[in-house]
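Here the structure is laid out as structure tokens; the discussion comes afterwards.
Bear in mind that the values in this text are calculations on the coordinates, not laboratory data. All values reported here derive from a predicted model rather than from experimental measurement. Virtual Cβ from ideal backbone geometry, glycine too; neighbours counted across all protein chains shown.
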Amino acid sequence: MESDQTVARLREIGTSTLSDALDRLGLPGAVPGVLPFDTGLRLCGRAFTGQYEPVDENGGTVGDYIDDVAPGEIVVLNNHGRLDCTVWGDILTYVSSARGIGGTVIDGVCRDVGPSLELRYPVFTRGRTMQTGKDRVRLAHTGRPVLLGQVEVVPGDFVVGDADGVVVLAAAEAERVLAVAVEIDEAEDRIRRAVAAGSRLDEARAEAGYHVLQTRGGAR
């Protein structure tokens, strides 16, 4: 996974630019409300997915799946956005950091934030709480499509996170999204250079087609 050239290229692109590229192409992928604990950390890699569900009279556990996650992969967990119980804590953080796992994204919350900050292991969630998921939720399955908010994540899709949030790129669309993202980045760089050279911002934006960079069908 670490040698994946698409991952290497995506590391150079911000989520804002990728979101604009997704808009241009009419594709889903932006995940509102899932944010990092440390805004200085990024994550980028292929998705390893896990789905949680409430426990019933048959019980169940939060799951021992971490040994199946490859170095560089991003753990993507759907706990239905629940804010009252965690599906991630310090032991998982320590193991993931030691094994070179690329980060964790949760539609829900985690606890034990301190170790993730200390180890600089990227965790993106909807918040934090101290209350355990044990006896509240159980792992239903791994390795199948899950949702992050309204965005479907298929195992092997690309997940990118930075200070602005998380985007998901379907594996089959990643190269197309990357091409548009690079175009947008280059246009915005032209604007910055033009303004630095003395141009008016409105003129530089008009020249670069700034106001339609993200518009569907807005490519120049």
Please list, short to long, the whole-number percent of alpha-carbon pairs of segment 1-127 in consecutive 10 angstrom bins beginning at zero. 12, 42, 34, 10, 1
Within segment 162-193, find all residues whose amide N lies under 17 Å from a label point positioned 7 Å from the Cα of H211 along Cα-to-beta-carbon. 188, 191
Taking only Cα atoms and a 10 Å spring cutoff, compute GNM fluctuations for the chain and point out the largest among V105, V113, V123. V113
Looking at segment 88-172, which trypsin sites (Lys or Arg not before Pro) are in a loop (DSSP not H, G, I, E or B) and have at most 11 other Cβ atoms within 10 Å? R120
Could you give the C-alpha radius of gyration of segment 55-173 expressed as a fraction of 2.2 N^0.38 Å, taking N as the number of residues it contains? 1.01
In segment 5-170, taking the dipole from +1 charges on Lys and Arg beta carbons and -1 charges on Asp and Glu beta carbons about the Cα centre, the listed residue (G59, L41, V154) farthest towards the positive end is L41
Counting only helical runs of four or more DSSP H residues, what would the 222 nm mean residue ellipticity of the chain come to if each run contributes -39,500 (n - 2.57) and the total is spread over all its residues? -8500 deg cm²/dmol
Stick to the Cα atoms of the chain, pair each with every other, and give me the Kirkwood hydrodynamic radius in Å at one decimal. 18.2
Computed Rg/Rh for segment 44-118 (Cα atoms; Rh = Kirkwood radius) stands at 0.96
Sites A163 and A8, calculated FRET efficiency, Cβ-Cβ separation with R0 22 Å, nearest 0.05: 0.60
How much FRET efficiency would the formula 1/(1 + (r/R0)^6) give for E57 and Q150, where r is the Cβ-Cβ distance and R0 is 30 Å, rounded to 0.05? 0.45
Could you give the dipole magnitude of the chain about its Cα centre, charging the beta-carbon of Lys and Arg +1 and that of Asp and Glu -1, in debye to the nearest 20? 320
Using the Kirkwood formula over every pair of different C-alpha atoms, what hydrodynamic radius in Å results for segment 28-73? 14.1
J(HN,Hα) series, segment 160-165, from Karplus relation 6.51 cos²θ - 1.76 cosθ + 1.60, nearest Hz, glycine and proline x: 10, x, 8, 4, 8, x
Using the per-residue mean of other Cβ atoms lying within 10 Å as a proxy for protection, in what order, highest first, do the peptides 175-184, 201-210 fall? 175-184, 201-210
Starting from the amide H of L147, placed 1.01 Å from N in the peptide plane, find each other amide H under 5 Å away whose residue is 5 or more places distant or on another chain. V153
I want to check the label-to-label distance for A70 and R128. Put each point 7 Å from Cα in the C-beta direction and report it in nm to one decimal. 3.2
For A30, distant residues with modelled amide H under 5 Å away: V168
